[in-house]
Structure formats: C-alpha cells, structure tokens
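Report on the structure given below.
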Amino acid sequence: MFLQRSAAVAAIGIPAAAADDRPFSTLAPAGPAAAAIAEVWWWMFWGSLVVLALVCALALHAMVRNAERPAPFGSRLLVLGGGIALPLAVITVLLFHGVRSGDAMRPGASGEGAFRVEVTARQWWWAVRYPDVDGAPLFDANEILVPAGRPIDIVLESEDVIHSFWVPRLGGKLDAIPGKTNVLRLEADEPGIYRGMCAEFCGAQHARMGFHLVAMAEDDLQQALLERAAAAPSRDARGASAFERHCAECHSTDSRVGAPATGPNLAAVALRRHLIAGWLRNEPGQLRRWLEDHQTIKPGNHMREMDHVDDAELDAIADWLEGR
Ligand code: HEC
Ligand SMILES: [Cu+2]
C-alpha cells in the first residue's frame with residue numbers, strides 16, 4: 001500500500017525535494033504573498049540594523065568625545081532629527097511595504113481564475129470541501145490539493161472556536177471564525193507539499209492541528225481529485241458492518257457525502273499522506289494504532305475510546321478503510 005502510494009506520488013510529478021528542510025520558514029517563500037511578507041521582514045531587519053548601528057555610533061561618540069570641545073551637532077538637531085524625522089521616515093517606508101504585502105493576500109475583487117476550496121476548522125482537524133469535482137462537491141480532510149502557479153482562494157470557516165489557517169511558506173495567517181466566512185488568497189509557485197498549522201490557540205490539541213497543502217500541475221490535480229472522488233473502503237462486509245456500529249455516527253465514508261462531519265471524512269483516508277491532522281505519516285499499521293491508542297497519541301481528541309471494541313473488529317475496520 002505504502003509503496004503503491006509512493007509510486008503514485010512520484011508519478012504525478014511531485015519532486016522529492018518538496019519535503020523541504022525548512023517547512024515552516026517564512027523566510028523560504030514559495031509564493032507571491034509569502035514573498036511580499038519576507039520582503040517586509042528583510043526591510044525591517046536591515047532597517048533596524050541601520051538604526052541600531054547609528055544609535056551605537058552616537059552612544060560611542062558621546063562616551064569618547066572630548067567634553068571641552070563644542071559638540072558637532074546641537075541637541076535640537078538630535079531630538080528633532082533622531083526623535084521625529086528618522087522614526088517617521090522608517091515607519092512610513094514600513095507602512096508602505098506592509099500595506100502592499102497585506103494587499104497581496106486579499107482575494108481579487110472577482111476571484112476569477114482562482115481555484116476555490118472550502119476549509120472548515122474543527123477541534124482539532126480540518127474538513128476540506130471542493131465545490132465542484134466532476135459536477136458535485138467532494139469531501140476530504142487534513143490534506144488540501146491545489147493547482148500550482150494559479151491563485152487559490154481558501155474559503156475559511158469554523159465549527160467551534162477560533163482557529164487560524166497558516167501555511168508559512170505560502171502566505172500570512174487568516175482566522176477561521178465561527179459564524180463568519182473569511183477568504184485567504186494564496187498561490188504556490190511550484191508543485192510541492194507545503195505544511196500548514198493552526199496558528200490560533202484553540203484548546204488542548206492545538207499543537208497537533210496541522211495539515212498539508214499539496215500543489216500540483218493542473219492535469220495531475222484533476223486526476224488526483226477524481227481519484228479521491230472514486231475512493232471508497234473495500235467491499236469487505238465484516239469491516240463495513242463493524243464500522244457502521246462503532247464509527248459511522250461521526251465519520252462519512254462516502255467522498256460525496258459531507259455528513260456526519262463530527263470526524264474527518266474517511267472515504268479517501270488510505271490516499272492521504274498523513275493521518276490525524278498532519279501528525280502521523282500514513283504508514284502501514286498507523287491507522288490501526290490510532291484506533292487502539294488515539295487518546296494516547298492525541299489526548300483529549302473528540303473521538304470516543306474504542307476499548308469496548310475487540311481487536312478482531314478493529315483489524316477488520318482498519319483493513320476495510322485501507323481498501324484491503
Ligand atoms: C464520537 C465521534 C467519533 C467516533 C465514534 C469515531 N471517531 Fe474517528 N475521529 C473523530 C474525530 C473528532 C477525529 C479527529 C481527531 C483529531 O485529529 O483531533 C477522528 C479521527 C479519525 C481518524 C483520522 C482521520 C484523518 O484524517 O487522519 C480515523 C482514521 C478515524 N477517526 C477512524 C475511526 C474509526 C475506524 C472509528 C470506529 C472504530 C471512529 N473513528 C470512531 C471522531 C469519531
Ligand atoms: Cu489551533
């Protein structure tokens with residue numbers, strides 16, 4: 001299964017180097033919004049360095065100068081120049097760049113040409129909905145497939161508390177607020193896998209509320225979305241009936257049906273690169289381990305303990321979900 005998946009990943013052309021060694025660095029921008037933010041950062045860095053050097057030079061000068069001789073500049077010049085003119089100039093330049101980069105993160109007036117995907121934050125995972133894949137909505141979770149080289153509009157909502165959607169290498173953060181819809185405009189220059197995090201404290205497992213944004217070439221994306229739409233658990237009846245009894249109240253296993261959404265949609269769980277909001281690599285055995293130990297792996301998460309379900313049943317469910 002895992003090998004098969006790796007081959008699929010290689011086949012759709014995602015370079016191995018996409019697992020960048022600085023996945024959360026805003027100083028390794030991979031899209032226009034992040035580039036604008038990094039630029040502001042560098043302006044602030046160099047600007048404050050110049051100011052620091054200037055202040056140090058003045059302090060040094062005050063310490064070593066001969067007090068008998070008249071000062072080279074009067075105190076009035078220092079107060080007006082250093083206290084008012086200089087900060088005003090520095091802050092004006094920063095404001096200009098700040099407003100410009102803030103603007104780069106807003107969705108365009110029309111949103112035309114942008115790829116739209118709806119992301120709903122929950123404690124502590126992300127529900128993903130593509131409004132139109134082959135004529136109908138497609139439901140998935142914790143992994144967001146998008147085109148590279150084209151603007152993406154992330155339509156953000158929350159079902160419980162305030163969360164914040166952040167992919168550091170692609171752009172700024174935007175809050176997901178209950179009862180409100182916010183739209184974040186991002187773009188990835190190149191195909192790759194970009195890591196994201198919830199950036200607003202949202203309860204016990206906030207630190208394990210990550211996700212992956214996978215940018216692909218357009219054709220690969222269409223193929224991958226259709227593959228997810230067609231994904232379904234295997235036909236094994238034992239797994240299916242055990243799932244129905246213990247899990248179906250919270251999880252949908254139909255990629256076209258959103259409800260119930262108390263837990264992530266599991267139709268394409270076998271195709272996801274990670275489980276549990278980006279926390280575990282989806283390697284053989286991990287899903288099964290989750291069913292057994294989920295309150296140890298992610299304490300307090302809103303999935304019920306499965307102590308009452310016997311091992312054979314959990315085995316059957318795991319196999320069924322993984323399509324075996
Ligand atoms: C009371 C509701 C509830 C029940 C019942 C439940 N789950 Fe969950 N499940 C959740 C929630 C909530 C999460 C998300 C946990 C998190 O990441 O914080 C989850 C996560 C998962 C995940 C990880 C999905 C992903 O995208 O990584 C799997 C797999 C899973 N559940 C399988 C099952 C199975 C199999 C059963 C039945 C044996 C089951 N669940 C029963 C609520 C439930
Ligand atoms: Cu959070």
Quiz prompt | Subset of the stretch 187-197 [touching a helix residue (DSSP H, G or I) at 6+ places or on another chain (Cβ under 6 Å) and either open to solvent by less than 30 Å² (accessible area, probe 1.4 Å) or not assigned by TED's automatic domain parsing to the domain that holds Gly172 (or both)] | solution = Gly192
Practice problem: Please find, among Leu86, Leu49, the residue that is open to solvent by less than 70 Å² (accessible area, probe 1.4 Å) and either among the acidic types (Asp, Glu) or away from ligand 2 (no atom under 16 Å from the Cβ) (or both). | Solution: Leu86
Self-check item: 3 or more residues without any contact (Cβ under 8 Å) to a residue 12 or more places away in the chain and not assigned by TED's automatic domain parsing to the domain that holds Met216: qualifying strands (runs of 3 or more DSSP E) within the stretch 82-170
Solution: none
Practice problem: Exactly one condition in (1) away from ligand 2 (no atom under 14 Å from the Cβ); (2) surrounded by 21 or more Cβ atoms within 10 Å (Cβ to Cβ) is not met by Asn182; state its number. | Solution: (2)
Practice problem: Please tell me if Val269 is within 20 Å of Glu118 (Cα to Cα), away from ligand 2 (no atom under 16 Å from the Cβ) and open to solvent by 30 Å² or more (accessible area, probe 1.4 Å). | Solution: no
Exercise. Working only within the stretch 295-324, note down all residues that are within 7 Å of ligand 1 (Cβ to nearest atom) and under 13 Å from Gln205 (Cα atoms).
Key: Lys298, Asn301, His302, Met303
Quiz item: Hey, any hits in the stretch 222-243 for a residue that's within 26 Å of Asp21 (Cβ to Cβ) and surrounded by 17 or more Cβ atoms within 10 Å (Cβ to Cβ)?
Solution: yes
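The values are calculated or read from the model by the stated rules, or taken from the named source; none is laboratory data. Quick caveat: nothing in here was measured; it's all calculated off a predicted structure. Note that we place each Cβ from the backbone using ideal geometry, even for glycine, and neighbour counts take in every protein chain shown. Side chains are part of the model used for accessible areas, which takes the heavy atoms of the whole protein and leaves out ligands, DNA and RNA. Shrake-Rupley method; radii C 1.70, N 1.55, O 1.52, S 1.80 Å.
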